[in-house]
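Trainee: First the structure, which I've put down as structure tokens, then a few questions once you've had a look.
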Amino acid sequence: MSIYKKRTSKKNVDVNSYNSIQNKIATLKNFMNNSTDIRERRFKVGGKDVDIAIVFIDNLVDGYMVQDHIIKPIMSNSFEWPTNSDYASILETIKDYMLYGDIVDEVYTLDEMSKGILEGKTLLLIEGSSKALLINTQSLPKRSIEEPQTEPAVKGPNEGFIESLKDNLALIRKRLKNPNLYVEIIHMGKQTNNKAALIYIKGTVNNKIATEVRSKLNSVKDYDIVSSEQLMDLMCPKPFSIFPLIQWTERPDKAVSCLLEGKVGVIYDNSRGMLIAPVTLSNLMQSPDDYYENLFIGTAITTIRYLSLLISIFLPAIYIAVTSFHPGMLPTTLLLSITGARVGVPMHAFFEALFMAITLEILQEAGIRLPKVVGQTVSIVGGLVIGQSVVEAGIISPIMVIIISVTAISSFAIPNYSLSLSTRVLRIIFMILAAILGAFGISLGVLYLLGYMCSLRSFGIGFMEPITPYRFKDWKDSIFVAPQFFLKNRPEYLHSSYETKRKGNSKNGK
Amino acid sequence: MNRKNRVILIIICSLIIFLTGCWDSIDIENRAYILGIAIDEYPPLPEDPKNDQNTSQNEQEKMFETSTEVHTGTPTYAMTVQIPIIKHATLPNTQIGGTSESRAIKTWDITQVGNSFIEINHSIATRTNLVPYYEHLQVIVISEKVARKGLENALDFFIRDPEMRSRTKLFITDGNAKDVLNVIPRIEDYASIYLAKTSQNARINAEIIHWTDLGQAIQSIYSGEDFHLPAIKVTQDEILNKGAALFKKDKMVGWAEGQDAEVIKMFHNVFIGGIFTSEFVADEHDAKDGVMSLEVIKAKTKITPIVQGDDIAFKIDINIEGNYAEGVNHPLTERIDADFLEEAKKAFEKSIKDRCIETIEKMQNMEVDALNFGTVLKTKEPGYWDRVKNKWRDIYPNVKTEVNVKVDIKQIGNIQ
């Protein structure tokens, strides 16, 4: 708090009042708490006896660039200086004739200067001038572009977003060479000073959605968050929603197709994903692979995926309900073999399922947390413990192992990771309902869940669109995957400004 | 939603708990799945040959033979339920499955006596640690003696109990019903499932009655129609088909075996496959022992009542499609050509017609309307039915019938 106060109190101090360059640097450094990684270099302008200094943080800048693009041209300039040039005009001359930097900003206040330095820019101060220059010499550490890890696709590009706003924007821009693509940088966080970029295609997007996302983003501006997932949480229209109401993707191709549909994207600097709003259930169930295969395969895969969503939520619950309340629902031979498998198992089906489900969750969690080298151990131990020993010891029936494994595999088939996490929660809820009330409980739960899902809204768009409200036209791009030829219209439910995808729109928005 | 509504909602939701609950929950392995029920007359208590080796169990059975007190009246029925012993079942890939103990008894047949089935049912529950559960009931076997006394009383419990299913199969056996459950089948584990599955073969053999079940029997009993049920007889380890048991109102009056069962099925339009044979169309060649067979693909029967004043006659049109399946002692001079088929058709038509007439006469002599005439009359000539329904039983034995059979041979075989 004290630091914050210190900063704000001196925010608008005019450097001009500290005439000597020595003072200026000292003030600046003091303002930045004399961190030892702040470097300065003082030299003189070639051909003139004028003190000049550059200040930068040496971890954030490209040293070669500073030497070659700033120090070298200034020191070894062959400019014919007019005799009566004052300090301000010398600075202008340096800016206009000598600096090679691509972005050079003029700054006046301590706040601007320190922000620039912290971003990896180099500050150039000149004696006697109130102005200073910020030259772009950023060289921030980052990963190279790699395959998206959470959303792999069989076909389709293998580029994924990385933890750099610049590169992520480049990945989008390079796929969408459209003058209407609009990017708005919003500075987020009082301490982190991170950047978020709001992206949409002007003229295509439904302006109401864009405005809502922007105002939501502005309303959470002051939170100090470090990743886009936290931003997603903050922006979420219903913070207590079980389902994700903002889509998170690390696939640029997915991001671009969403932008083309008329959705709004948010990229947060230093995190891997892009947030897309609004989102519907059918969006979450889609994978880019659907569009890279033909109609029948795409539709079949989509159907399988919906099936696996249902399995991963309901299968253990149905098993519990059927085995402990309604064995009459099973065919006799299946009943006898399930009974045979359960003979001697000491636990009630619900506790059996709970035990297995919890073991599975622990195993999944351990698999993520462990370093990759040791990860093998988990799978072997887990596979042996769950698959064999538990059954051989007679604690769990083999049928339950099958049920839980099928459930787990189904939940992996859900393309969206957040959605697959929500199915895990729902699974437990339904298991409890089934254990208490049987099939009656499951049907109550289903009714409530359907009502709840229909009531969810993501930035004004219903979560269950286009199933309800019923828009059959949109089914071809959600429940079925029609050939590209038929997908010339934008989804109706987004109420985009322009209807057809193929026509697009010109620069003037006409 | 304001605060008050929310509170009300929570209260309503918590009330749901009282509607049903954990107390209905019984683990799947803690139920006794009753697969078959045998209903016998009492006294005497049916003997139990299977348990002879197992003396302790046998003694137990005998013990219960003596304890036959019931609350009201004297016991008239002995009901046996078949409960699978899951531990001894031949289940795939379970360590518990008794592979070495193939001789172990795989079912527990509990017999209790009484005069009301719900009472017997409850007394069975005292003898087992598992909860009796009837939703997987496959078959109900009723002995001839009980059937002749009338089914209405015997089946009343089975239609009122919520755990019973109307698709449960009913069988009538000529001996003790309990013997049927005692059969140790070769392939299946349980006699009940073995018995329930035999009717699958109805599309191969037309003598197997496959379509009547508990629901249908009850429906016929209450609407006063005559009906038939599949009949069986047993040996030590086999269940044999015995055609149909014929019922007049709810009382059994006789059997319809072999060909009669086929004809009954045909008249009810449930003939889904079978064989008709005929002698060869004999000409100058010696083909005395010649037999040719027709494998029926489709049989369609249309019964039309013809009312003339007070007289009633029935016209029965039977259309049969089939393949020429076999010719034994085929006269070699005969080629299977269009002419031969034409004659073969006629021969088949004649033999089928003869059988139908024979069966109709037999049924009329037994005064059982198993051939559906009454129902047809009721649906097609309701006005006439209203007039005769009280004296139908008198009219039926003398009703005139006309049978027309048309056979169509589709294929004559694969090899030329």
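Read the figures in this text as sums done on the coordinates, not as results from a lab. Values in this document were obtained by computation on a predicted structure and should not be read as measured data. Cβ atoms come from the backbone with ideal geometry, glycine included; neighbour counts cover every protein chain shown.
Trainee: Be a star and scan the stretch A:428-453 for residues whose amide nitrogen sits under 13 Å from the point 7 Å along the Cα-to-Cβ vector of B:D24.
Mentor: A:434-444
Trainee: Non-local amide H neighbours of B:S143 (under 5 Å, H modeled in plane, Pro and chain starts lacking H): which ones?
Mentor: When sequence neighbours closer than 5 places are left aside, the close amide H contacts are B:I39, B:T173, B:A177.
Trainee: Rounded to the nearest 0.05, what FRET efficiency is calculated for A:Y470 and A:E40 with R0 set to 56 Å and r the Cβ-Cβ distance?
Mentor: On the way: r = 67 Å, r/R0 = 1.20.
Rounded to the nearest 0.05, the efficiency is 0.25.
Trainee: Taking the Cα-to-Cβ direction at B:T74 and at A:F485 and moving 7 Å from each Cα, how far apart do the two end points lie in nm?
Mentor: Placing both labels 7 Å along Cα→Cβ, they lie 8.7 nm apart.
Trainee: Right, next: Across the residues of A:322-329, average count of Cβ atoms on other protein chains within 10 Å?
Mentor: Mean shielding by partner chains, rounded to a whole number: 5.
Trainee: What are the radius of gyration and Dmax of the stretch A:2-136, computed over its Cα atoms and given in Å?
Mentor: 14.3, 49
Trainee: Can you work out the Karplus-derived ³J(HN,Hα) for every residue in the stretch A:173-179? Use 6.51 cos²θ - 1.76 cosθ + 1.60 with θ = phi - 60°, whole Hz, and x for glycine or proline.
Mentor: 4, 6, 8, 9, 8, 10, x
Trainee: Hey, another quick one. Evaluate the stretch B:126-259: find the radius of gyration of its Cα atoms, find its Kirkwood radius, and give the ratio Rg to Rh.
Mentor: 0.95
Trainee: Right, next: Measure nothing but the geometry: give the 0 to 90° angle between the long axis through the Cα atoms of A:207-219 and the longest principal axis through the Cα atoms of chain A, rounded to 10°.
Mentor: In chain A, helix A:207-219 runs at an angle near 70 degrees to the longest axis.
Trainee: Let me ask something else about it. Over chain A, what is the relative contact order in percent, taking alpha-carbon pairs closer than 8 angstrom and at least six residues apart?
Mentor: 13 percent
Trainee: With θ taken as phi - 60° and the coefficients 6.51, -1.76 and 1.60, list the Karplus ³J(HN,Hα) couplings across the stretch B:239-256 in order, rounded to whole Hz; mark glycine and proline as x.
Mentor: 10, 10, 7, 10, x, 10, 9, 9, 10, 10, 6, 10, 9, 6, 10, x, 10, 10
Trainee: For A:K142, give me every one of the aspartates and glutamates with a C-alpha distance below 18 angstrom, ignoring sequence neighbours fewer than eight places off in its own chain.
Mentor: A:D58, A:D62, A:E119, A:E159, A:E163, A:D167, A:E250, A:D269
Trainee: Something else about it: With everything on Cα atoms, drop me the angle between helix A:252-261 and the longest principal axis of chain A, reported from 0 to 90° to the nearest 10.
Mentor: 90 degrees
Trainee: Principal axis lengths of the stretch A:165-279 from Cα atoms, whole Å, largest first?
Mentor: 34, 27, 23
Trainee: Could you tell me the ratio Rg/Rh of the stretch B:192-237? Both radii from Cα atoms, Rh via Kirkwood. Walk me through the numbers before you get to the answer.
Mentor: Details: Rg = 12.4 Å, Rh = 12.1 Å.
We get a ratio of 1.03 for the stretch B:192-237.
Trainee: OK, next. Assuming a ≥ b ≥ c are the square roots of the Cα gyration tensor eigenvalues, decide whether the stretch A:292-462 counts as rounded (a/c under 1.5), prolate (otherwise, with a/b larger than b/c) or oblate.
Mentor: oblate
Trainee: Say R0 is 41 Å: what FRET efficiency, to the nearest 0.05, do A:L295 and A:E146 get from their beta-carbon distance? Write down the numbers at each step before the final one.
Mentor: On the way: r = 32 Å, r/R0 = 0.77.
Step by step, r from the Cβ atoms, then E = 0.85.
Trainee: Can you compute the label reach from A:I428? Point 7 Å from Cα along the Cβ direction, backbone N cut-off under 17 Å, restricted to the stretch A:329-360.
Mentor: A:350-360
Trainee: Around A:K48, what is the net charge, scoring Lys/Arg as +1 and Asp/Glu as -1 over all other residues with Cβ under 12 Å from its Cβ? Working shown, then result.
Mentor: Values: positive: A:K44; negative: A:D49, A:D51, A:E80, A:D86, A:E127.
Summing Lys/Arg as +1 and Asp/Glu as -1 gives -4.
Trainee: Quick one: which residues, 5 or more positions from B:W255 or on another chain, have an amide H under 5 Å from its amide H? H modelled 1.01 Å from N in the peptide plane, none for Pro or chain starts.
Mentor: B:L246
Trainee: Rounded, prolate or oblate for the protein assembly as shown? Axes are the square roots of the Cα gyration tensor eigenvalues, ordered a ≥ b ≥ c, and the cut-off for rounded is a/c under 1.5.
Mentor: Note, shape of the protein assembly as shown comes out prolate.
Trainee: By average Cβ neighbour count within 10 Å, what is the ranking of A:247-259, A:91-103 from highest down?
Mentor: On the way: A:247-259: 23.0, A:91-103: 15.9.
The peptides rank, most packed first, as A:247-259, A:91-103.
Trainee: Go through B:K249/B:K362; A:K155/A:K473; A:K216/A:K238; A:K202/A:K488 and tell me which ones have a Cα-Cα distance over 21 Å in this structure.
Mentor: Pairs exceeding 21 Å: A:K155/A:K473.
Trainee: Relative to the first principal axis of the alpha-carbon coordinates of chain A, what is the inclination of helix A:332-342, with its axis defined by its Cα atoms, in degrees from 0 to 90 and to the nearest 10?
Mentor: 70 degrees
Trainee: Between A:D96 and A:R173, how many nm apart are label points set 7 Å from Cα along the C-beta direction?
Mentor: In this crude spin-label approximation the distance works out to 2.8 nm.
Trainee: Quick check: from the Cα gyration tensor, does the stretch A:356-423 come out rounded (a/c under 1.5), prolate or oblate? Kindly include the intermediate steps, with their values, before the conclusion.
Mentor: Details: a/c = 2.52, a/b = 1.20, b/c = 2.09.
Oblate is the answer for the stretch A:356-423, as a/c is 1.5 or above yet b/c matches or exceeds a/b.
Trainee: Using only atoms on other chains, find how many Cβ atoms lie within 10 Å of each Cβ of peptide B:132-142 and report the average.
Mentor: That works out to 2 on average.
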